[in-house]
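Undergrad: There's a structure below that I have some questions on.
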Amino acid sequence: MTGTGLSEWEWPQQGENGRVRIIPVIRISRSRPRWCLPATLFLATFFTTTWVGARMAHNFSRGLPAFTVRDFAVMVEILQHPSRLLDGLPFSLTLLAILLAHELGHLLACRYYGVDATPPYFLPAPTLIGTFGAFIRIKSPIPSRRALFDIGIAGPLAGFALLLPAMAVGLAYSKVVPGIAESGELVFGTPLVQRILERVIFPDVDPVDIYVHPVARAAWVGAFATALNLLPIGQLDGGHILYALAGRYHYALSRLFVLSLVPIGLVYSYSWLVWALILLLLGTRHPPVHDPVRLDPKRKLLAILGFLILVLSFTATPVRLNDGF
């Protein structure tokens, strides 16, 4: 917050009774973005995702399961031969492009409404996918429910617009290997969008026999991140959309949606119980946006589109251990 100042400005709003009233709003003047840390994190994430992408490419080219206990030795070998990192670029560039599109959607919407926000922060991680995702931090009040809605939905729309063709291209480069999807220690769930595209591209192939190309694997990660962000809870993207739609009912609905993760976790994957706990710890309340004006019909249609994207991207069992391995 260093170098920013507070200024009060007046903003006309039309109430539900048709009267226009003037509401004073405290606005934080836009700070100069600092690019050193975001750039460093991006480069680190580029390396970690390229590294794990090279491991995926190694397994894919040999018809091996996507994730095995032998992967650690492969990853060490890749570091010993850095030129092999080039094989990981299809995965890393696809994934980073999807995450960047998502965050730039938020950032451009913030700029449009004069809301101060940081550049995207990417989070490198020694995980199966090489990252914990990305985020931006909003540093000033959001002036209206319309602005809140647009900022919240812009990210998922932009990310999905990129992951959809990426998923199609990745599946087009996928191949048929009998039983491959169930042959490793880990089995990945299939979101509806992937299932639909598989039926189009591999109409006569059992889904368990489709070896997903690393590009499609990156799109899978993008779909999971999109679904998670669209959950109508707290200050997730879906929480912003819910607040713009429901206002004062947001808190009760947000807690209800958190509780709905419990039966999903008990039936499908215990990971949703962990997410429910994390979301409760992060909080289900939303900062107030003092605006009585309801959303217009076009934005309500966009909210329906956002819900459809959630349905298409959601996976009840994202990852599970292979009991028969």
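Undergrad: Find the centroid of the Cα atoms in the stretch 223-243 and in the stretch 265-297, then give the distance between the two in whole Å.
TA: Computed from Cα coordinates, the inter-centre distance equals 7 Å.
Undergrad: Could you give the C-alpha radius of gyration of the stretch 220-273 expressed as a fraction of 2.2 N^0.38 Å, taking N as the number of residues it contains?
TA: Cα-based Rg divided by the globular estimate yields 1.18.
Undergrad: With angles folded into 0 to 90 degrees, how steeply does helix 271-282 sit against the dominant principal axis of the chain? Use alpha carbons for both and round to 10.
TA: Orientation of helix 271-282: about 30 degrees from the principal axis.
Undergrad: Where Rh is the Kirkwood radius over the Cα pairs of the stretch 34-321, the temperature 37 °C and the viscosity 0.692 mPa s, what D in µm²/s does Stokes-Einstein return?
TA: 165 µm²/s
Undergrad: I've got another one for you. May I ask for the angle, rounded to the nearest 10°, between helix 237-246 and the longest principal axis of the chain, with both axes built from Cα atoms and the value confined to 0 to 90°?
TA: The angle comes out at about 40 degrees.
Undergrad: Taking H placed 1.01 Å from N in the peptide plane, check which residues at least 5 places from Val319 or on another chain put their amide H under 5 Å from its amide H.
TA: Gly189
Undergrad: Next up: Assuming a viscosity of 0.890 mPa s and a temperature of 25 °C, what translational diffusion coefficient in µm² per second does Stokes-Einstein assign to the stretch 237-325, Rh being the Kirkwood radius over Cα pairs?
TA: 165 µm²/s
Undergrad: I've got another one for you. Measure nothing but the geometry: give the 0 to 90° angle between the long axis through the Cα atoms of 214-230 and the longest principal axis through the Cα atoms of the chain, rounded to 10°.
TA: Relative to the chain, helix 214-230 is tipped by roughly 30 degrees.
Undergrad: From Cα pairs below 8 angstrom and at least 6 apart in sequence, can you work out the relative contact order of the chain, rounded to a whole percent?
TA: Relative contact order comes out at 19 percent.
Undergrad: Order of 107-113, 172-178 by packing, highest average Cβ count within 10 Å first?
TA: Going from most to least packed, we get 107-113, 172-178.
Bear in mind these aren't lab numbers, they're just calculated from the coordinates by the rules spelled out. Remember, it's a predicted structure, so these values are computed and weren't measured experimentally. Cβ: placed from backbone, ideal geometry, glycine included. Neighbour counts: every protein chain shown.
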